[in-house]
Amino acid sequence: AIGLRAVILLSVCLVAACGASGASEHDAGEAHMLTKDSFDEFMAGQRAKGMPCLVMLHVNWCKLCQKTLPKFVAAASMVIQQGISMTFAHVDCTDDKTLCQRFEVKGYPTIKLFQPDSNLAEPLHYRSQRSADGFVKYAARMTMPPVREISSRADVEQVLLGESFAAYLVEAPSAKEAPAGVLAAAAKWRDRHAFFAVADLGAVLPEGTALPSGAKLGVLSMGSQQWRGADNTSAPAPAVDFFRGDLASADAVSTWVGGNRFPGIWALNDSNFYEFTHSARRVAMVAMDPAAVSATQEQSLRDVASRLRSDYYFGVVDGIAWSEELADFNIASRDLPRVLVAEEDFEAWYEDKSLLRLEALDVELAAIASGKSEVLRQTRSAISRLLFYQRELLLWASWLRTYAQQGPREAGIAFGIVASGALGLYLLGLMVSACCGVLFAPEEIEDYTDAAVRKRLEAELHGARAHAKHD
């Protein structure tokens, strides 16, 4: 028993070791390699030159790190070629996690921006697209003024081409003369959003946009960021919303910006999904087959999004292209369209094929927002998973009972399914019990008590006498 247990444990260790090995090494190129001994001195030099530094903290066993580091290194060279005043560096935390612990790294890779005029202990967390172009675009934005000037509708469309997130437009004589609240909000959100000062807000907004009386600040999401709807071939209309408070109040403007980052119904993809679901807002996502969206479904979703935009951000994800990821949340391609609601930065979510349906979405979303929904609130805890399995088992039992009531043949099949399931559970229990018996069996210890020793000696003496008599 001991030998078999050792083999099982050794096999587990070997598998774990193989999973942690095989990390590829990358040429650091123009990205400086830093360690705990060189980090502070290097950053002091960057501050002395007034140069911001983007740092990637990674480990060599992380698959995502292996994909991201080459892009990061390529961006470091591109930044130099384009004359952007930002340095790129990286830290390998595989063998020494001192710096990762110092900056409270929760997952890999983690990318942080160290600015020359800020506290070294409080870097900005990188939240933009993890691609070479995304890193370069971020470097360019973070080395420009927080608020820039723009003059025409065509300039707005050109500047925002390829942006991952919405932009904010404020009516002001110049960028430097922008209201204090806007300047403060731009300093806080500039790493993800572009801020522009315009002489006439109405003149630069998309054609047909109704400008509310007195509005001086708006958020604009270009049509390329919006969901196409049933007509999957034409460009959707941009989405716009407006601030109606005190532009001089930093708190009021920053709060409004943080709560209005995703106007309209967003087309979710790799570049915006994380930020969308980690926006400190409850979000409603609808998984759809882009080729099978009806006009009725589109209108229903747009009506709900319009009514509940103060409670939710709305987005649509391609349920076919993202089928593997959605399967982790019990959403299958055959059941589209399906609704997934997330809250607390995706630490909790709701999905239910029966209750959370597009046809009655406004009612159920209102119930979730008020805390009165019957839909199971799921988290990453073990108890939540047990409740989920309980729900699925009850749904399966209900379906099987309905099927069995269709006739004798169906009833027989249902009985066979139940009997097979019971037998399978019984056999599984036996297997688990046997494995536990092998893994946790007590070691066989020789009995060295006086009685046992005396018994063995008597047996050996008896054998010796018998052998001598025979001789």
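Worth pointing out:
- Accessible surface for the chain, divided over its residues, is 55 Å² per residue with a 1.4 Å probe.
- The helix-based estimate of mean residue ellipticity at 222 nm for the chain, built from -39,500 (n - 2.57) per DSSP H run of four or more residues and divided by its residue count, is -13500 deg cm²/dmol to the nearest 500.
- Our estimate of slack between residue 102 and residue 391, defined as 0.36 nm per intervening residue step minus the Cα-Cα distance, is 99.8 nm.
- Computed on the stretch 221-274, with alpha-carbon pairs under 8 angstrom and 6+ residues apart, the relative contact order is 38 percent.
- The angle between the Cα long axis of helix 63-81 and the longest principal axis of the Cα atoms of the chain comes to about 30 degrees, rounded to the nearest 10.
- Using alpha-carbon coordinates, inclination of helix 382-404 to the longest axis of the chain, degrees: 80 degrees
- Entry for the stretch 223-318 at q = 0.21 Å⁻¹: log10 I(q)/I(0) = -1.09, Debye formula applied to identical alpha-carbon scatterers, no solvent contribution.
- Carbon/sulfur fraction of accessible area - the chain, other protein chains in place, 1.4 Å, %: 56 percent
- Short-range pairs are left out: with C-alpha atoms under 8 Å and at least six residues apart, the relative contact order of the stretch 34-157 is 32 percent.
- Entry note, the chain: relative contact order of 10 percent, from Cα contacts under 8 Å with a spacing of 6+ residues.
- Equivalent ellipsoid, the stretch 38-161 (semi-axes from 5 times Cα gyration tensor eigenvalues, Å): 27, 18, 13
- Counting only Cα atoms, the stretch 128-285 measures 40, 34, 31 Å along its principal axes, largest extent leading.
- Amide H contacts under 5 Å for residue 227: 265, 266, 267, restricted to partners 5 or more places along the chain or on a different chain, H placed in the peptide plane at 1.01 Å from N.
- The label-point distance for residue 299 and residue 311, in a model that sets each label 7 Å from Cα toward Cβ, rounds to 2.3 nm.
- Helix 2-20 axis, angle to the chain major axis (alpha carbon atoms, nearest 10°): 20 degrees
- For the stretch 338-416 versus the stretch 221-253, the inter-centroid distance based on Cα atoms is 33 Å.
- Across the chain, counting alpha-carbon atoms alone, Rg and Dmax equal 31.5, 123 Å.
- Compactness relative to 2.2 N^0.38 Å, alpha carbon Rg of the stretch 329-417: 1.30
- For the stretch 93-156, the set of trypsin sites (Lys or Arg not before Pro) satisfying both a DSSP loop assignment and a count of at most 16 other C-beta atoms within 10 Å is given as 97, 106, 127.
- Hydrodynamic radius of the stretch 272-315 per Kirkwood, over alpha carbon pairs, in Å: 11.5 Å
The values are calculated or read from the model by the stated rules, or taken from the named source; none is laboratory data. As the structure is a prediction and not an experimental result, all values here were calculated from the model. Using ideal geometry, Cβ is built from the backbone for each residue, glycine included, and neighbour counts are taken over all protein chains shown. Accessible surface is based on the protein model in full, side chains and every heavy atom, while ligands, DNA and RNA are left aside. Shrake-Rupley method; radii C 1.70, N 1.55, O 1.52, S 1.80 Å.
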